[in-house]
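So the structure is just underneath, and the comments pick up after that.
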């Protein structure tokens, strides 16, 4: 590429003319920097969402989510653990998706715990199985007692 000289008295007089080599030397580092910044987005976004999920889980625990919304709280904790595992394996896209699920469950746990607390309703105690009893009719014999080995 050849440089053209500007005509005397023109507005372009005195401007530098870059050769093709000079333009490439200027643009190549900028392009490399752009590629490096774009490649660094995966770990940054995943780490950010994981941090948000950790904070949301702490809020759910503070709202007594483990007792009032156990399914959501435990799900949030498990998704967060899996997100950390994927992040450790450099699977940043999967880690971000799992952390977003964890964040969603943690927010639901905090919201549900807050609703139950404001209504004054007590949730079932953890570890208490729900049993269904039906009235026994007179024609049915009583159930035998459970066997003990």
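Throughout, read-outs are computed from the coordinates displayed, never taken from laboratory work. Predicted model only: the values in this text are computed from it and were never measured. Here the Cβ positions follow ideal geometry from the backbone for every residue, glycine too, while neighbour counts run over all protein chains shown.
For residue 72, are the conditions met, namely being buried (at least 20 other Cβ atoms within 10 Å of the Cβ) and within 15 Å of residue 45 (Cα to Cα)?
no
If we scan the stretch 83-104, do we find a residue that is within 12 Å of the chain's Cα centre (by Cα), more than 22 Å from residue 43 (Cβ to Cβ), without any contact (Cβ under 8 Å) to a residue 40 or more places away in the chain and in a helix (DSSP H, G or I)?
no
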